């Protein structure tokens with residue numbers, strides 16, 4: 001592609017994206033990245049069969065089979081991994097920005113230089129669960145209804161309903 | 001859209017993006033993602049009225065009213081949330097990659113299944129503040145000038161000027 | 001650009017991206033963001049001279065000189081910073097999503113309001129190293145072969161071969 005043609009398309013793409021950015025800013029008072037300029041969050045969620053009222057930013061990575069209930073908010077940069085058979089997330093959850101929820105991991109595969117297989121286990125998140133930004137939920141974990149997971153936590157064990165847990169690894173604490 | 005037409009546009013888009021990637025690599029010795037191939041970091045910051053010398057990667061989510069001073073670096077994947085009325089960030093800050101600074105949260109809204117409202121409070125970051133990668137600043141926090149926040153921290157209380165704090169929740173420590 | 005023209009291009013872009021998304025879903029059973037609809041992970045890695053079998057998502061930021069071995073998995077949202085002279089990563093590593101590996105930092109530059117320079121030091125990651133999601137590796141660190149770094153860790157010192165370390169800052173623990 002000639003330099004001139006690259007310049008022409010770049011000028012066009014920039015003008016187009018600025019027009020879309022102006023629209024988003026007027027409509028939602030927010031600045032979003034290119035993927036969210038070209039998609040709508042409710043449609044992203046609906047395309048995966050997630051429940052009514054659930055929204056999902058465009059740069060969410062979804063692997064395998066993931067079921068999400070209604071009115072759940074899925075922030076930018078999240079990973080919802082159903083590659084390990086099954087990931088279920090309930091209603092009214094906050095899956096804050098940067099949260100990663102897994103049904104597999106590659107610890108043994110990496111340290112064995114590929115001789116050991118990837119491991120898998122299903123993961124369940126109840127209704128009304130708040131998961132703070134950048135937290136990571138390991139494969140095989142169940143988080144009960146109405147639980148609160150603090151920001152930047154690593155959850156590698158089950159969390160009972162209504163509990164508040166945080167830390168790396170996350171431990172239950174008084175509210 | 002026919003498969004052939006998709007193939008043609010995909011081939012074109014890939015050639016265009018490779019040309020842009022070659023330019024960025026020659027100019028800045030770096031690989032950036034599609035949003036940053038199509039925008040410039042200083043222009044992204046200027047479009048939001050941020051101060052001279054401040055730069056912002058394209059995939060930064062900006063909500064509501066956010067004021068940023070001069071010569072501040074805003075990395076990729078950050079969230080600057082001014083939806084809670086007011087987020088102010090000073091001069092010469094490092095808002096490292098993956099940092100999320102909030103003026104709202106949805107803890108009570110989630111665990112009440114939507115019966116409780118979203119909560120809001122203004123947040124202030126002083127001048128010369130370093131916030132390490134992936135750290136999260138809760139709504140309502142004030143971080144004083146020249147403070148250092150370690151990587152992967154969760155800041156849920158005020159940090160005095162010149163302090164060094166880290167952890168989840170972040171606590172002040174000897175330098 | 002007229003509103004009509006923006007609408008037309010938006011409709012086209014959305015149709016094109018949906019067609020690409022359908023392809024990725026059928027081929028890989030996954031939902032990826034726009035950058036990964038337009039690129040292939042093995043080609044992204046090969047374009048940087050990384051070893052055979054290594055893959056890299058599109059929204060990885062690569063700065064300066066970075067060498068990566070074979071069969072290493074580099075997840076979405078990572079930062080591989082070779083701006084400080086040299087970043088080396090071995091074979092069969094898991095560089096999980098959101099991991100940031102640095103050879104520079106701006107702590108003193110920020111708190112001095114730009115009077116102090118950026119600092120640099122080379123960083124090395126051995127073979128068969130697992131680095132959990134969202135972990136941050138500070139400049140100057142060496143992580144030995146077959147080490148395991150837990151999720152959401154901040155590594156600011158060397159980690160010996162075969163060790164398991166986690167926390168902020170990361171400390172070695174019994175396996």
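No lab work stands behind these numbers, since they all come straight from the coordinates. Keep in mind that what you see is a predicted model, and the values were worked out from it rather than measured. When we count neighbours, we look across all protein chains shown, and the Cβ atoms used for this are built from the backbone with ideal geometry, even at glycine.
Couple of notes before you dig in:
- DSSP bridge pairs, the protein assembly as shown: antiparallel proportion in percent, nearest 5: 20
- Hydrodynamic radius by Kirkwood, which averages 1/r over all alpha carbon pairs of the protein assembly as shown, in angstrom: 23.0
- Taking packing as the residue-averaged number of other Cβ atoms within 10 angstrom, the listed peptides C:139-149, C:14-24 run from highest to lowest as C:139-149, C:14-24.
- Put simply, region C:1-92 fits an ellipsoid with semi-axes of 32, 17, 8 Å; these come from the alpha carbon gyration tensor as the roots of five times its eigenvalues, largest first.
- Residue-averaged beta-carbon neighbours from other chains (10 angstrom radius) around A:73-79: 5
- Region A:1-52 - convex hull of the alpha-carbon atoms, volume per residue in Å³: 86
- Rounded to the nearest 5, the antiparallel percentage of DSSP beta bridges internal to chain A is 15%.
- Region A:52-139: mean projected area of Cα convex hull, nm²: 5.4
- Neighbouring partner chain Cβ atoms per residue of C:109-118, average, 10 Å criterion: 6
- Across the identical copies, how the residue A:30 labels are spaced - nm, sorted shortest first, 7 Å along Cα→Cβ: 2.5, 2.5
- Against the main long axis of the alpha-carbon atoms of chain A, helix A:3-28 sits at an angle near 60°.
- Between the alpha-carbon centres of region A:116-171 and region C:7-28 there is a gap of 33 Å.
- Protection-proxy order for peptides A:60-67, C:91-98, each taking the mean of Cβ atoms within 10 Å per residue, highest first: C:91-98, A:60-67
- Shielding score for B:91-100, defined as the mean number of other chain Cβ atoms within 10 Å: 6
- Placing a label point 7 Å from Cα along the Cα-to-Cβ direction at residue B:158 gives distances to the equivalent points in the other copies of 4.3, 4.3 nm, listed shortest first.
- Across identical copies of the chain, residue C:108 has label-point separations of 4.6, 4.6 nm, listed in ascending order, with the point defined 7 angstrom from Cα along Cα→Cβ.
- Measuring how big chain C is from its alpha-carbon positions, Rg and Dmax come out at 19.1, 64 Å.
- Length-normalised contact order for chain A - Cα pairs under 8 Å, 6+ apart - percent: 12
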